[in-house]
Structure formats: C-alpha cells, structure tokens
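All remarks here apply to the structure that follows.
The values are calculated or read from the model by the stated rules, or taken from the named source; none is laboratory data. This one's a predicted model, so the numbers in the text were calculated from it and none came from an experiment. A quick note on method: Cβ atoms are made from the backbone with ideal geometry, for glycine too, and the neighbour counts reach across all protein chains shown. We work out accessible area using only protein heavy atoms, side chains counted, and drop any ligands, DNA or RNA first. Shrake-Rupley method; radii C 1.70, N 1.55, O 1.52, S 1.80 Å.
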Amino acid sequence: TALLKKHIVLLNGGRASHLRYAGMAIDRPALKAYLAALSAVSPQAFEAFSKRQQMAFLINAYNAATVELILTKYPKLASIKDLGSLLSNPWRQKIVPLLGTTMTLDQIEHDTLRARGRYDDPRIHFAVNCASVGCPMLREEAFVSERLDAQLDEQARRFMADRTRNRW
C-alpha cells in the first residue's frame, strides 16, 4: 500500500490511474522485497488462508509482478507487449515464483483466480492490472481480505464509469 499510495496518480475523478514508473524504479528494492515475501509463502500456508485472503494475496501478487516485469526494461519500453516475442507474450512467461513453483501471470489470473469453482468472482477482472492501456486501473492501495468486497465493488464501478473504456 505504501508504494502504491506513493506512486499511483488517480485520473478522471478516480476512475483511472497512472503509475509513476520512474518513482517506482527508485523504490524497486522495496517492491522486490515485497515480491520475495510473497514468494516465501508456502502452498500449505496459502491453503490455510481464508478465500478472501487467498484472493487478495493473488491479486496483489499479480499486480506487483506485473510492475516488476515492466521495471525490468524501464524506461526503454513502449508497451508491455514489447516484452514478449513472436511466439510468446509477456503474460505467458514463467516469471513469478509463487506457492512453491514459478508461474506465469496468465496462470495466476486465469488458472487460479478466475478458475471455475475456486473463487467464482467476476470482479477479479477489475482488480488485476496487466499494464496495458485497456486494462482496469491499478488501485492506489493493496487489496486486503477485510475490505475485499468493498474494494472489488469499487474497482468494478470505477472501470465501468471510465468513459475511455466504456461508452454506449
């Protein structure tokens, strides 16, 4: 939350956000320490979490890993898609050490968070930020289990109210 509050700028009345990558690059050691702390969580410890704790953990891991991925080439990067290749996109690269294995961003989002029967919450789509212009905004605070429903509701409202992404 401290890093996000420091480096996220809310736009359009809070319906969109911008991450100051230059500042985040300076604070990259703190981001790496956070990712290392997430990596240290064992599968057994994770399974002992409540469903809301698991969801918040995975959403935060996805978002932090995506920021770290961008920082690997920042400032010489025009788009996250530039981190891929002809045969692979950046969301399918095994780069996230998590829960005893190395995962892709797609595995975290699609195979874990959005897998049918596990969490069954369509609002997850509004919480994960893939660092692309068309993605939902990056929240200015970490997701926490105690307020997860309210945070997810707000993310959904923000995304749907963003006229740069949605109009009728």
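Only residues that are closer than 16 Å to Ile70 by Cα, within 11 Å of the chain's Cα centre (by Cα) and not β-branched (Val, Ile, Thr) were counted in the stretch 107-137, giving 5.
Residue by residue, here is whether (1) open to solvent by less than 30 Å² (accessible area, probe 1.4 Å); (2) under 27 Å from Arg15 (Cα atoms); (3) aliphatic (A, V, I, L, M) holds:
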{"residue": "Gly100", "(1), (2), (3)": "no, no, no"}
{"residue": "Met103", "(1), (2), (3)": "yes, no, yes"}
{"residue": "Pro122", "(1), (2), (3)": "no, yes, no"}
{"residue": "Leu138", "(1), (2), (3)": "yes, yes, yes"}
{"residue": "Ala156", "(1), (2), (3)": "yes, yes, yes"}
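Of all residues in the stretch 59-67, one or more are at negative phi, touching a Cys at 6+ places or on another chain (Cβ under 7 Å), touching a residue at least 60 places away in the same chain (Cβ under 8 Å) and not aliphatic (A, V, I, L, M).
Would you pick out the residues in the stretch 7-22 that are part of a helix (DSSP H, G or I), on the phi < 0 side of the Ramachandran plot and surrounded by 14 or more Cβ atoms within 10 Å (Cβ to Cβ)? Selection gives His7, Tyr21.
Only one of the listed residues (Leu58, Leu69, Leu77) is part of a loop (DSSP other than H, G, I, E, B) and either surrounded by 15 or more Cβ atoms within 10 Å (Cβ to Cβ) or β-branched (Val, Ile, Thr) (or both). That residue is Leu77. Only one entry of Val96, Val67 meets the criterion of being closer than 13 Å to Tyr34 by Cβ and in contact with a strand residue (DSSP E or B) (Cβ under 6 Å, 6 or more places away or on another chain), and that entry is Val96.
For beta carbons closer than 8 Å, sequence separation of 6+ or different chains, a first residue in the stretch 95-121 that is part of a loop (DSSP other than H, G, I, E, B) and a second that is among the polar types (S, T, N, Q), the qualifying pairs are Ile95/Thr102; Ile95/Thr104; Leu99/Ser42; Gly100/Ser42; Thr104/Gln93; Arg118/Thr112; Tyr119/Gln54.
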